[in-house]
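The values are calculated or read from the model by the stated rules, or taken from the named source; none is laboratory data. Being a predicted model, the structure only gives us computed values, none of them experimental. Here the Cβ positions follow ideal geometry from the backbone for every residue, glycine too, while neighbour counts run over all protein chains shown. Surface areas here come from the heavy atoms of the whole protein model, side chains and all, with no ligands, DNA or RNA. Shrake-Rupley method; radii C 1.70, N 1.55, O 1.52, S 1.80 Å.
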Amino acid sequence: MTGVTIDHMISTTVFIAAILLFIGLFAQGLQAGILYQQNQHVAFKTSDLLDNILLSPGYPYNWGVTNDTLSIFGLQQPGKSGYKLSSFALMRLTSLLANPVEYPRDSGNFFNNVSFGPTGFLFIPLSDCITYETASRLLGINGTFGFQLSITPLLEVSISEYEPNPLVLEVKVTGPGSTLGYADINYYLYRAYKSGTYASLELLSGSARTNSAGVAYLNFTFDGQAESYTIVVYANLSGLLGLGYSSHQTFTQGAGVMPFVMDYEKGKVYLAHSWDVHDQGTPVPDYKYNASFFILTEDFEFRKYSIDNSTGSLNYGSKNYEITTLPAGRPGFLLVTYRSGNDLGMNIMPWGLGSLAVAVTFGANPAGNVWTATDFRHVTVDQMSYQAKIICWSLKGYQTWTPAGGS
């Protein structure tokens, strides 16, 4: 073999290796470009999907307070513009994070549970709630994109006991990443007391301002450990509104009288004996209750509204529930004070999520997806400042390009 032939073979081998290297580098670049385009498509779809949900009331427009079949999914408050959401439409979303509750026990009737805290309850029949599958189909993304939507208060108003007797409560207002100094706060404290054989309410209200650290102290003249009370506090700073609530009760024998929404269109609510839900052991036989409903006004005040069967008694075994009716489409909260013997307790239920700044998470779990996109909007719900966050991902997987003969 001559030297020229050897040089030619070496040159050919180097040339082929260079071509293969170039093809590999080109494939990697092309692959990166394809993935970038796919990710960009998901990101654009995420922003578009969030606006479609938040800037449309859906159809029927007032579907949050009717029994009509939903044909277009949207959460905007009917008759409003911009990022203002319907608290009653939010109330009907199937919660991703909470376990359904059965009522009555062993009946097979399950309720969506977006309850909060030990004394806060909101139970809606699952059959009346909007599922993630229904929303995906109505949005036209079923089988192509998945999403998770969370609507959470922008401000956190936390309330804790600072001194027990006489009662001093510490209120702390926190915004995104930091406390909010010099915020104006208004509070409504509902104190339970014995009135004959029933439990009644005394209202103590007032205003204060947080200090530079975002903290305010509320002083009362009674023993906080010996009394049952619920306090609702809302904070206002530069147009941002936040709300928090806290309850203390002396009752230790169960959950007392629990509200269940049976018909949201008519506002029908069952006041149920808790042992018929999930209490264990021997049931407390008798409850005397006092139910009060407070409407959230345009001036962000809570005004009492007359309801049916506002006082009554429950006896497990003979009378497990009473029925009351709340005003359809009027945001507020239901406060139920109950008594058994000398023990008092209180439970609270929002009527419309914004009235008590309740958060909701709706959709699917994004865990395990290769790539997700996230977008945010600042929204209001019943005048309360919220953040709407959506996480979106592709359900089609990621297409890759492999050169002919490659692996």
### Answer residue from region 211-237, given it is open to solvent by 30 Å² or more (accessible area, probe 1.4 Å), over 27 Å from S313 (Cβ atoms) and not polar (S, T, N, Q) and is modelled with the lowest pLDDT among those
L237
### All positions within region 81-102 that are part of a loop (DSSP other than H, G, I, E, B) and hydrophobic (A, V, I, L, M, F, W, C)
L96, L97, A98
### Message
Can you pull out every residue in region 141-195 that is without any contact (Cβ under 8 Å) to a residue 60 or more places away in the chain and under 21 Å from T46 (Cα atoms)?
### Response
N142
### Task
Kindly check whether there is at least one residue in region 196-210 that is modelled with pLDDT under 85 and of a type outside the set (S, T, Y).
yes
### Summary
Among (1) open to solvent by less than 10 Å² (accessible area, probe 1.4 Å); (2) closer than 30 Å to Q253 by Cα; (3) among the β-branched types (V, I, T), V42 falls short only on (2)
### Summary
Only one of S56, S47 is surrounded by 12 or more Cβ atoms within 10 Å (Cβ to Cβ), assigned to a helix (DSSP H, G or I) and either at pLDDT 60 or above or in contact with a helix residue (DSSP H, G or I) (Cβ under 7 Å, 6 or more places away or on another chain) (or both), namely S47
#### Entry: In region 314-362, the residues that are among the polar types (S, T, N, Q) and within 26 Å of the chain's Cα centre (by Cα)
T324, T325, T337, N347, S355, T361
### Message
Among the residues that make up region 67-80, is at least one of them closer than 26 Å to R377 by Cβ and either assigned to a helix (DSSP H, G or I) or out of contact with any helix residue (DSSP H, G or I) (no Cβ under 9 Å at 6 or more places or on another chain) (or both)?
### Response
yes
### Members of region 242-264 found to be under 18 Å from A357 (Cβ atoms) and of a type in the set (A, V, I, L, M, F, W, C), listed by number
L243
## Note on the structure
Restricting attention to region 61-81, the residues that are open to solvent by 50 Å² or more (accessible area, probe 1.4 Å) and touching a residue at least 40 places away in the same chain (Cβ under 8 Å) number exactly 4
### Residue identified as touching a Leu at 6+ places or on another chain (Cβ under 6 Å), open to solvent by less than 30 Å² (accessible area, probe 1.4 Å) and not β-branched (V, I, T) among A357, A364
A357
### Task
Pull up region 281-308, narrow it to residues that are modelled with pLDDT of 90 or more, open to solvent by less than 80 Å² (accessible area, probe 1.4 Å) and of a type in the set (S, T, N, Q), then point me to the one that is nearest to the chain's Cα centre (by Cα).
S292
### Every pair of residues 6+ apart whose Cβ atoms lie under 7 Å, when the first sits in region 88-112 and is closer than 18 Å to L70 by Cα and modelled with pLDDT under 90 while the second is surrounded by 16 or more Cβ atoms within 10 Å (Cβ to Cβ) and among the charged types (D, E, K, R)
none
### Residues located in region 91-112, provided they are farther than 19 Å from W351 by Cα and not aromatic (F, W, Y)
L96, L97, N99, E102, P104, R105, D106, S107, G108, N109
### Query
Only one of (1) surrounded by fewer than 13 Cβ atoms within 10 Å (Cβ to Cβ); (2) of a type outside the set (S, T, N, Q); (3) over 20 Å from F302 (Cβ atoms) is not met by L203, so which one is it?
(3)
### Task
Select the strands (runs of 3 or more DSSP E) contained entirely in region 177-228, then report the ones holding at least 2 residues which are closer than 26 Å to D343 by Cβ and among the hydroxyl-bearing types (S, T, Y).
184-195, 198-209
#### Entry: Single residue of region 309-329 satisfying the filter (closer than 27 Å to Y188 by Cβ and buried (at least 18 other Cβ atoms within 10 Å of the Cβ)) that is modelled with the lowest pLDDT
G329
### Query
Looking at M262, is it open to solvent by 10 Å² or more (accessible area, probe 1.4 Å), at negative phi and touching a residue at least 40 places away in the same chain (Cβ under 8 Å)?
yes
### Message
I need a count of the residues in region 384-396 that are crowded, with 19+ Cβ neighbours inside 10 Å and of a type in the set (S, T, N, Q).
### Response
2
### Query
Taking A255 and the conditions (1) in a loop (DSSP other than H, G, I, E, B); (2) over 30 Å from T380 (Cβ atoms); (3) open to solvent by less than 40 Å² (accessible area, probe 1.4 Å); (4) out of contact with any Gly (no Cβ under 9 Å at 6 or more places or on another chain), which numbered condition does it fall short on, given that it satisfies the others?
(4)
